[in-house]
Every structure is written in C-alpha cells, then in structure tokens.
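Chemist: Dumping the structure here so I can ask a few things about it.
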Amino acid sequence: MKLKAFIQSAENHPTTLAELRRAHEWAETEQFLGLYAYATQSGAIAFDLAFGSDFWDQVPSQWLFGIDYGRTQPQALRFLIERSNVEVRIHDGAWVVERNGFLPRRDFHMKAGFLTNSTKSRFGMVVGSGNFSSNGLRQAAECGASLHAATTMEFKKTFRSAFRAAKDLWEAATPVEDILDSYEERWAASAALEAPEPEAPAPNYDELEVFWIEAGYVTRNRGPDKPGNQIDMPRGMNRYFGFNAPDNLAVNSVIGEVTFEPPAGGPVTNNLRLGNNMMEKISLPIPETHGFDMYDGKVLVFSPQGGHYRMWALEAEDFESAFGHRLASVRVTKSGRRYGHIE
C-alpha cells in the first residue's frame, strides 16, 4: 500500500482536489463515494472543472453531505444531482431539515473520498481537513493524506473497514430529493442576508467604502475546463463603480473602465458595458493568475481606493462572518443573487 501525506497550499505539495484526481486516474475508478460535512457551489464547480464530463458519464458516484447549521448551499446539491450517474444523500437529513437553525443531533464532520475498482483490485482513499468547497479542495491551507491499495488484501488490512462504515452512513442517510425543496425554502428564509423592503433608499454611492455581489454560477466564457471570469450585474450597479449611466443607454455601449486591484498579478482594467440582456457586464481578473481559484459561488467584495477597486472573492460563510454585522440594505437581482454595500 502507498500512503502520501500533504499540506495543501505548501510549496511542492498537491491540493486535495489534485490528490482525488490522481487517485481516480490510478484506480481507473468504477465507483466513487464522497462524504463531506458540507458542500458549496464553488466546491461543486471546482470538482466539475477538475474531473469533467467523462467522470460523470462513466463513473457512478454517491455523495453524502451534512446540512448541519445550514452550511451546505442548495445550489451545490442541485448542481450535483443534475449530473449523470449521481446519487446524493443527506446525513440525518429528514430530522435536521425540520430543526430551527438546522441544528444536528450529532455533528457530521466527514471529509473523505473513496475511489474503488473491484475489477482490477485498486482502491484509493483521500482524507483530510478540506471540505467540499473550492477553498477546502484546493485553495486554503489544509492537511490530508491519500492511500492506494493495489490488492484486495491490502485494502482489507488498511481502510476497507472505514469504507464499509462510510457505506453504512450513506445507506442510512436521507435521499436529497426527499428534502431538497424544503431545505432550500427554509435555508433561504433563515439566511443572514435578508432582502430589504422595496422602498429602501439608495445609498450615497460617493461615500461607500465597501460593496459586494454574489457571483452565482459564472458562465465558462474561457472554455469548458477553465473557470469563467465574466459576470452580469444588475442595471444601475455602475453607480457603485463611480458612473452614472443614463436609463436610455443603448445595449452594448461601454459605460466606463474599471481598474481592479486583485490579491496578485497587478492591476487589471476592463470595460463595464451594458449587455444585450440589459445587465451590466464586466470581465474580472483571470482567476488563476490574480490570486483567485474561481468566482463561482463566491461573494465578490470591492473597496474603492483612489479610483481603483480592491477586490476579494469569499465563500458565503466567510463573508457573513466578516461582514454580516455591518451590512446595510441588501438588494436582490432577478435571478436571486444578492448585492449591496457595507457600513
């Protein structure tokens, strides 16, 4: 058996996602079982980018997630169940979905993936601290280990008992289809970021120090194997960027130039324009060259600095922890993405 420990984000060490991919290629996976405490939209997109349509088409996969405390995003669950050969279950889901705050009877903290090929007697396991979010799978500082058993006897002596215990958890769990509509409804109603009353006044844009928008799903404008970097924003959001576009602006007109200051790679200047769908479109800095892993499922945060805009891409939970107590009015796009400013 081969065992490899790694520290994600350390130089010359792989990511959790890369180790999952390596185990998959070695095992020529016939069956995948993934168990994670929670799932985010960014995690689902990151996995999809790394494994591609061939994985979904060729490998039956079973997924077990927790919804403890409402950390799992319904968008992530819907994305996964729309793939081929996928079954998703929720740990103690029928009970947790009915509890205020989605409080569990017992916390579900699993973070493991099993990749098995019984025909060729190859068995892989990747376990660690990273959850099923883009940060947990490839960006944040995490630790983990991958195990490869090349014979059935090796598998039996090492992690077969863990695999069987994981299967038992999955078998006992609630099919996601039984509770997803209810979970999504209750999750949205309990979200910390609540929409304002319709008559909420517009902010004084000249005085804003921080504003934000949920990216949602980002179209893969750079190709199917790369995270997208072009997002739509609601009509009028140009005011947050210091413009005042007229209401009768023609489609495909350039509203102005926006210069971003991302965490790495230097400033990037792109046009903000009005698209054919009457949304305001902007191309953001290329994720992999400017300190981001992706924008999908993240909350984009902007801070005006001398005519430029410093920016961050945060997981929703991290955004709410950092800024939830400072939110001013929260607005909602027609597609349900939220945005606003921070006081």
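Chemist: Which lysines, if any, have their Cα less than 22 Å from the Cα of Lys281, not counting same-chain residues under 8 positions apart?
Modeler: Lys226, Lys298, Lys334
Chemist: Going by Cα centres, the stretch 303-320 and the stretch 229-279 are how many Å apart?
Modeler: Centre-to-centre (Cα) distance: 16 Å.
Chemist: I would also like to ask the following. Could you work out how far apart the two model spin labels at Cys143 and Asp168 are, taking each label as a point 7 Å from the Cα in the direction of the beta carbon, and quote it in nm?
Modeler: Simple spin-label model gives 2.7 nm for this pair.
Chemist: Go through the stretch 333-339 residue by residue and turn each phi into a ³J(HN,Hα) via Karplus (6.51, -1.76, 1.60, θ = phi - 60°); whole Hz please, and just put x for glycine and proline.
Modeler: 6, 4, 8, x, 7, 9, 7
Chemist: Take the chain, connect every pair of alpha-carbon atoms lying under 10 Å apart with a spring to form a Gaussian network, then pick out the residue of Gln75, Gln139, Gln305 with the largest mean-square fluctuation.
Modeler: Greatest mean-square fluctuation among the candidates belongs to Gln305.
Chemist: Order 216-225, 253-262 from most to least packed using the mean count of other Cβ atoms within 10 Å.
Modeler: 253-262, 216-225
Chemist: Here is a follow-up. Work out the FRET efficiency for Glu25 and Glu343 from their Cβ-Cβ distance, taking R0 = 51 Å, and round it to the nearest 0.05. List each step's numbers first, then the result.
Modeler: Working: r = 49 Å, r/R0 = 0.97.
Result of the calculation: an efficiency of 0.55.
Chemist: Measuring from label point to label point, each 7 Å out along Cα→Cβ, what is the Ala5 to Gln305 span in nm?
Modeler: The two pseudo-label positions are separated by 3.8 nm.
Chemist: Oh, and also: Which of Pro262, Leu327, Asn221 sits closest to the plus end of the dipole of the stretch 205-342, meaning its Cα is farthest towards the positive end, when Lys and Arg get +1 and Asp and Glu get -1 on the C-beta?
Modeler: Asn221
Chemist: Now a separate question. Shape verdict for the stretch 210-254, please, from the Cα gyration tensor: rounded (a/c under 1.5), prolate (a/b greater than b/c) or oblate.
Modeler: oblate
Chemist: For Lys156, list the lysines whose Cα falls under 24 Å from its own Cα; do not include residues on the same chain fewer than 8 positions away.
Modeler: Lys2, Lys4, Lys111, Lys120, Lys167
Chemist: Compute the distance in nm between two label points, each set 7 Å from the Cα along the Cα-to-Cβ direction, one at Glu87 and one at Lys156.
Modeler: 2.6
Chemist: To continue, here is another question. Using only the Cα atoms of the stretch 205-342, build the gyration tensor, take square roots of its eigenvalues as a ≥ b ≥ c, and label the shape rounded, prolate or oblate: rounded if a/c is under 1.5, else prolate if a/b is larger than b/c, else oblate.
Modeler: Judged from the Cα gyration tensor, the stretch 205-342 comes out rounded (a/c under 1.5).
Chemist: Could you tell me which of rounded, prolate or oblate describes the stretch 1-72, using a ≥ b ≥ c as the square roots of the eigenvalues of the alpha-carbon gyration tensor, with rounded for a/c under 1.5 and, failing that, prolate when a/b is larger than b/c and oblate otherwise? Don't jump to the answer; show the numbers that get you there.
Modeler: Working: a/c = 1.66, a/b = 1.14, b/c = 1.46.
It is oblate, given that a/c is not under 1.5 and a/b is not larger than b/c.
Chemist: Once every DSSP H run of n ≥ 4 in the chain is given -39500 (n - 2.57) and the sum is divided by its residues, what mean residue ellipticity at 222 nm do you get, rounded to the nearest 500 deg cm²/dmol?
Modeler: Value at 222 nm, helices only, nearest 500: -7500 deg cm²/dmol.
Where a number appears in this text, it was derived from the coordinates with a stated rule and is not lab data. Note that the coordinates shown come from a computational prediction; the quantities given were computed from them, not determined experimentally. Cβ atoms come from the backbone with ideal geometry, glycine included; neighbour counts cover every protein chain shown.
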